[in-house]
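*Asks:* Supplied in structure tokens, the structure appears directly below.
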Amino acid sequence: MSEENKSLITDRGKYLKTMVETSGVVISKLMEKIGYKDRASYYTHIVKPNLSLDILSDYARALNVDIRRDFPELIPIAVQEPAIDYSLPETKEEAIEKMQHWKEKYFLLLEKYSAVLENKLSGIR
């Protein structure tokens with residue numbers, strides 16, 4: 001491993017910057033995907049040499065980059081999340097299909113949550 005690579009691994013902020021630049025992704029879209037309000041968080045993160053591995057992992061998952069080789073301590077907690085399509089629907093039919101999918105998912109979760117609440121309430125009485 002070269003000295004430059006060792007330096008990147010010891011400075012997690014620089015590692016993050018390199019990872020994002022290599023991906024070519026638009027920073028504002030990336031931040032939206034991860035759940036941050038704006039790009040300012042990214043610029044704060046890239047200057048932190050001791051950036052949290054949790055934050056670094058969030059970026060890696062969003063970019064679909066495996067960083068476990070460079071950070072072996074992540075191997076026990078590494079979880080591969082399914083890829084989520086964040087693109088806008090191209091047709092009205094596709095938009096309706098996506099809306100129906102999320103509507104059904106919402107109702108299923110609502111039914112499960114209601115059942116849990118009913119069980120808890122019946123246990124209190």
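*Asks:* Which of the lysines could be linked to residue 33 by a straight reach, that is with a Cα gap under 28 Å, when you skip same-chain ones fewer than 8 residues away?
*Replies:* Partners within reach: 14, 17, 48, 92, 98, 103, 105, 112.
*Asks:* Can you list which of the GluC sites (Glu not before Pro) found in segment 85-125 are DSSP loop residues with at most 15 other C-beta atoms within 10 Å?
*Replies:* Counting only loop positions with at most 15 other Cβ atoms within 10 Å, the GluC sites (Glu not before Pro) in segment 85-125 are 90.
*Asks:* So, one more: Once the dipole of segment 3-77 is set up with Lys and Arg at +1 and Asp and Glu at -1 on Cβ about the Cα centre, which of 25, 46, 67 lies farthest towards its positive end?
*Replies:* Working it through, the farthest residue towards the positive pole turns out to be 25.
The numbers here are math on the coordinates, done by the rules we state, and not lab data. The structure presented is a predicted model; accordingly, all values stated were derived computationally and were not measured. When we count neighbours, we look across all protein chains shown, and the Cβ atoms used for this are built from the backbone with ideal geometry, even at glycine.
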